[in-house]
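Have a look at the structure below, then the notes.
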């Protein structure tokens with residue numbers, strides 16, 4: 001299964017240079033289910049609002065139609081399990097990776113959902129390095145700088 005980080009989902013709904021074409025290519029070639037968490041949905045809502053200035057833009061309606069049609073599986077959060085997994089990740093990787101709290105939550109949700117791939121363009125936050133440190137595959141591939149931050 002594929003975990004959709006909010007920035008990846010956003011790239012599929014706005015023309016973002018260097019991201020949209022890669023995201024569309026991945027979706028076309030991949031048949032594994034796409035997991036869209038409530039956390040990613042909330043982050044997308046904010047990102048879409050900032051980009052369009054409207055709470056229910058055409059872009060937002062298209063995203064929600066993917067969820068309601070089942071093309072993207074909405075992952076209801078079991079907060080206790082997510083927080084326990086996040087705590088484990090912070091204890092294991094926190095001192096070396098310094099990933100942010102929301103990024104750690106996203107990786108914990110991906111792991112708890114049984115995802116094998118983490119889809120994200122955020123190569124500045126350590127979310128992708130954390131995902132790889134947890135043995136998730138990432139798309140797009142890690143940059144050389146990110147590879148140097150992976151903890152084994």
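Being out of contact with any helix residue (DSSP H, G or I) (no Cβ under 6 Å at 6 or more places or on another chain) and part of a loop (DSSP other than H, G, I, E, B): is that true of residue 91 here? So residue 91 does not fit the description; no. Residue 141 meets all of the listed conditions (1) closer than 29 Å to residue 15 by Cα; (2) without any contact (Cβ under 8 Å) to a residue 24 or more places away in the chain; (3) in contact with a helix residue (DSSP H, G or I) (Cβ under 6 Å, 6 or more places away or on another chain); (4) not in a strand (DSSP E or B) but one, namely (3).
Restricting attention to region 20-55, the residues that are part of a loop (DSSP other than H, G, I, E, B) and under 22 Å from residue 73 (Cβ atoms) add up to 4. In region 1-19, of all residues being in a helix (DSSP H, G or I) and touching a strand residue (DSSP E or B) at 6+ places or on another chain (Cβ under 7 Å), the one that is surrounded by the most Cβ atoms within 10 Å (Cβ to Cβ) corresponds to 8.
Taking first residues from region 45-63 that are on the phi > 0 side of the Ramachandran plot and modelled with pLDDT under 95 and partners that are surrounded by fewer than 16 Cβ atoms within 10 Å (Cβ to Cβ) and not in a helix (DSSP H, G or I), no Cβ contact under 6 Å between residues at least 6 apart in sequence or on separate chains turns up.
The values are calculated or read from the model by the stated rules, or taken from the named source; none is laboratory data. As the structure is a computational prediction, the values presented were derived from the model and not from experiment. Glycine gets a Cβ as well: all are built from the backbone with ideal geometry, and neighbour counts include every protein chain shown.
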